[in-house]
Amino acid sequence: MVFWNITHQPRWNDIVDILLLAFLLYWLVKISRHTRAVQVMKGLAILIALNYLSAMLGFTAFNWVMRTVLNNGVLLIIVLFQPEIRKALEQLGRGAHMDHSRSSGDRNEQIVSELIRCATRLSARRVGALIVFEQNTGLQDYMETGVPVDADISDALLENIFEPNTPLHDGAVIIRNSRVATAACVLTLSDSSSISQDLGTRHRAALGVSEQTDAKVLIVSEETGIISMARNGKLTRHLDENSLRKLLTEIFPPVPNTLKEKIREAVAGVKKVFRHE
């Protein structure tokens, strides 16, 4: 009945009410984007939907459980995400906004080659490295602990960052949208008891972020030079060039052959025109 009144007999205050609610939801999504809080918001939305459906279908017991979880869950979210809420209110007061532009992935094959050259060179020199590749779960919380870089991925840049006794060598580099977003980031260490005692802080940090998010982490050991990859809280060690290329290609998939063929044909056509001229 309420929905019918809104859609068939809208008043000016109904329209303003809907616009204000839409703006509030947009603002919440915008400030929580690229952070772990957005995953909690998705879960909360699912619970709200289940609560609504269970009420409609007459599932009394299930609806009571959903209402209980939601009533207590809101307070729990406020406690857990107190820093994020404080930051959001500060941004609202300053009128600040976050701009997360997405970059092109057309040079994925080149990026993979650059990363392999960087990892193999650092491994040969026994220089430690920690490179985090952001996936669906945002890593903004971790990025704020580091130094902004915002540069194209290149082996020279990454080698220079991890060079010992330089300002940014201690910490993790975070890759977002095919770009080096930040360096010298602090990661949460894994507290798993199953981790080998031979692994140091760098590997524990890689496993920690891969346990809490869907990020993938490339590690070069400073002690042994062994190249590893952390995914889903698990560590794959002793990677050679071929196995490393396979894992990195999953993160940066190549451009489809059909697109590459079209590009080659276009370039060949342009060259042909210039030859005739």
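The values are calculated or read from the model by the stated rules, or taken from the named source; none is laboratory data. Remember, predicted model here, so these are calculated numbers, not experimental data. Cβ placement follows ideal geometry from the backbone for every residue including glycine, while neighbour counts extend to all protein chains displayed.
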Seminar exercise, completed: Of the residues in segment 201-224, those that are surrounded by fewer than 16 Cβ atoms within 10 Å (Cβ to Cβ) and either small (Gly, Ala, Ser) or closer than 21 Å to Thr145 by Cα (or both) come to Thr201, Asp214
Exercise. Out of all the residues in segment 72-90, is one or more over 26 Å from Tyr142 (Cβ atoms), exposed (fewer than 10 other Cβ atoms within 10 Å of the Cβ) and modelled with pLDDT of 70 or more?
Worked result: yes
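Which of the residues that make up segment 141-157 are in a helix (DSSP H, G or I) and acidic (Asp, Glu)?
Residues satisfying the conditions are Asp141, Asp155.
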Exercise. Are there any helices (runs of 4 or more DSSP H) wholly within segment 158-277 with 1 or more residues that are charged (D, E, K, R) and at pLDDT 90 or above, and if so which?
Worked result: 201-212, 241-251
For this session: Hey, can you tell me all the residues within segment 13-25 that are modelled with pLDDT under 75 and surrounded by fewer than 10 Cβ atoms within 10 Å (Cβ to Cβ)?
Result: none
Exercise. When both residues are 6+ apart or on different chains and their Cβ atoms are under 8 Å apart, which pairs have a first residue that lies in segment 122-143 and is outside the structural domain of Thr224 (by TED's automatic domain parsing), and a second that is buried (at least 22 other Cβ atoms within 10 Å of the Cβ)?
Worked result: none
Seminar exercise, completed: Scanning segment 26-52 residue by residue, those modelled with pLDDT under 65 and within 24 Å of Thr68 (Cβ to Cβ) turn out to be Ala37
